[in-house]
Amino acid sequence: PLARGLSLGANLARAVRAPSAEELYSEAGHAGTGAFEVGDANLRTERTTGADVVLRLQRTRVTAQLAGYRNAVDGWIGLYPTGRDTIAPDGAGGTKALPLYRISQRGATLAGAEASVEAVLAGGGAAGGRGLVGGALFDLVRTRDAFGEALPFIPPARVGGHLRWDDGRREAGVRVRHALAQRRVPAGEFATDAYTLVDLHVSWRRPIAGRATTFTLRVDNATDALWRDAASRIKAFAPGMGRNVVLGVRTDW
């Protein structure tokens, strides 16, 4: 504790991971990712030493958190694009060209920061409760391997915010998320553009037959933006989900 509602925490961790069977022995086309993946039977254990520091504020009407971390990995295992195709059977007696990926092991570091805040803007509730509540968040990760190059499939810096009104029976809210372009990728990996997603939701709670029941209407990616997830293995040919409308009913038993 540093002051009322304010605390500082630190962690030091050591983790060990054995390579998976796929990382060791793959040598075939992967239908789920549309790629030909080649493993490495000589992979050794991946060992990570990490440290993080977290500053937390928790008051009645506001909560906030700021964190920073750094992980040093001895023998990081990753799937790297080669930038070329290979010919593989198509399962119907013919062949097809698939992008070639290889499992590679090398030293690596990952460092980043995360921040979030949520506060009651109007009303008598607590943060996360009733009233008009607003919040914002930010996260960033930077990576490099032993050669100074970026690691594959790393998300870009992201920033977002949300606004929610709740009177105990009715709720409405909007969430906006913006991701920067991810251009720092290994040779041969698909780079992604910046994008902004807007999500909306409204809900109504009332008892039905003595059971608490909630009706919800949610619209994800309300603007139908075209976006690609930098961490996705299929981002080169499959963008993220477009506008999605969900109508739900939940009853608590």
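The values are calculated or read from the model by the stated rules, or taken from the named source; none is laboratory data. As the structure is a computational prediction, the values presented were derived from the model and not from experiment. Backbone-built Cβ (ideal geometry, glycine too); neighbour counts: all protein chains shown. Note: areas computed on protein heavy atoms with side chains; ligands, DNA, RNA excluded. Shrake-Rupley method; radii C 1.70, N 1.55, O 1.52, S 1.80 Å.
As a fraction of the 1.4 Å probe accessible area of segment 1-88, surface on carbon and sulfur atoms comes out at 53 percent. Rolling a 1.4 Å sphere over the protein heavy atoms, what is the accessible area per residue of segment 14-70, to the nearest Å²? Result: 63 Å² of accessible area for each residue. Overall shape of segment 195-249 was characterised from the C-alpha gyration tensor. The equivalent ellipsoid obtained from it has semi-axes of 33, 11, 7 Å, in decreasing order. Rounded to the nearest 20 debye, the dipole size of the chain about its Cα centre is 1060 debye, using +1 on the Cβ of Lys and Arg and -1 on the Cβ of Asp and Glu. When the chain is described by a simple charge dipole with +1 on each Lys and Arg Cβ and -1 on each Asp and Glu Cβ, the residue from Y101, F147, L200 located farthest towards its positive end is L200.
What size of dipole, in debye to the nearest 20, comes out for segment 119-212 about its Cα centre when the only charges are +1 on Lys and Arg C-beta atoms and -1 on Asp and Glu C-beta atoms?
Taking the Cα centre of segment 119-212 as origin, the dipole is about 480 debye.
With the highest mean first, a sort of the peptides 51-58, 73-80, 3-10 on other beta-carbon atoms found within 10 angstrom per residue produces 73-80, 51-58, 3-10. For segment 84-150, a crude dipole built from +1 on the beta carbon of Lys and Arg and -1 on the beta carbon of Asp and Glu, taken about the Cα centre, is about 140 debye to the nearest 20.
Other residues with beta-carbon under 13 Å from the beta-carbon of V73 carry, at +1 per Lys or Arg and -1 per Asp or Glu, a net charge of +4. Size of segment 142-219: Rg and Dmax of its alpha carbons, in Å, are 20.3, 65.
With the charge dipole of segment 79-143 set up from +1 on Lys and Arg Cβ and -1 on Asp and Glu Cβ about the Cα centre, the Cα lying farthest toward the positive end among the listed residues G135, A111, P89 is that of P89.
Using the average count of surrounding beta-carbon atoms within 10 Å as a protection proxy, the listed peptides 99-110, 174-185 rank, highest first, as 99-110, 174-185. The distance between label points at F190 and L163 comes to 3.5 nm (points 7 Å beyond Cα on the Cα→Cβ vector). So what does the Cα-only Debye profile of the chain read at q = 0.08, 0.09, 0.11, 0.13 Å⁻¹, as log10 I(q)/I(0), no solvent term? Scattering profile of the chain, log10 relative to I(0): -0.48, -0.60, -0.85, -1.05. Pairwise Cα distances in segment 1-82 exceed 23 Å in 51 percent of cases. Whole Å is fine, so just give me how far the alpha carbon centre of segment 187-229 lies from that of segment 1-69. Distance between centres, Cα-based: 26 Å.
Which shape class applies to segment 51-103: rounded if a/c is under 1.5, otherwise prolate when a/b exceeds b/c and oblate if not, where a ≥ b ≥ c are the square roots of the Cα gyration tensor eigenvalues?
Verdict is prolate for segment 51-103.
Once the gyration tensor of the Cα atoms in segment 42-140 is diagonalised, the equivalent ellipsoid follows with semi-axes of 46, 23, 9 Å, ordered largest first.
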